1. For residue 177 and residue 201, FRET efficiency with R0 = 35 Å and r from the beta-carbon atoms, rounded to 0.05?
2. Can you work out the FRET efficiency for the pair residue 74 and residue 32, with r the C-beta to C-beta distance and R0 = 30 Å, to the nearest 0.05?
3. According to a simple spin-label model (label point 7 Å from Cα along Cα-to-Cβ), what is the distance in nm between residue 146 and residue 45?
4. Provide the packing ranking of 189-197, 68-76, i.e. peptides ordered by the mean count of other C-beta atoms within 10 Å per residue, highest first.
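Just so it is clear, none of the values below were taken in a lab; they were calculated from the coordinates. It should be emphasised that the depicted structure is a prediction, and the values quoted were computed from it without experimental measurement. So basically every Cβ, Gly included, is an ideal-geometry build from the backbone, and we count neighbours across all protein chains shown.
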């Protein structure tokens, strides 16, 4: 009888210890935008300096929180998955690097800069979200761009670039992979836009 009581006491003690353990917390994850356009055709080099201003972002997308949607006009955010910085801030060096590597301009600088630029690229992140209303989920990336004559402040050209990419998995990491694939295509289109519009100066 004593052994039974002792055994019950041990079981009760173990159960109490288990109950006192803190709950398992899901590890938070941080992701980055990192994409470059595929090597395209050689473009004519223009003797112009292009300044890339810091992209702006529409309300709802000016945050490091990763946005997703399940229905029209409703935006939500993942609780434990974030961008390393706001998408707009991560886009700035990627835009400049893609334009510089294209070889289409004498130099490409980021704003603010002491260099005298003849052209300025202004951009606005319209949306970057993972859409779960379809299966598989998909990432929607939209960027609006204006190429401006820095001397006259005249808008030489304006365009909106929209890319959609199916996510390889219906989770935040799948959305990150899809976002970078969509961004690579968008950067390629943006380089062509700036090169062609810059010729009008």
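1. On the way: r = 38 Å, r/R0 = 1.07.
Using R0 = 35 Å, I get an efficiency of 0.40.
2. That pair, residue 74 with residue 32, gives E of 0.70.
3. Each label point lies 7 Å from its Cα, and together they span 3.1 nm.
4. In decreasing order of mean packing, 189-197, 68-76 become 189-197, 68-76.
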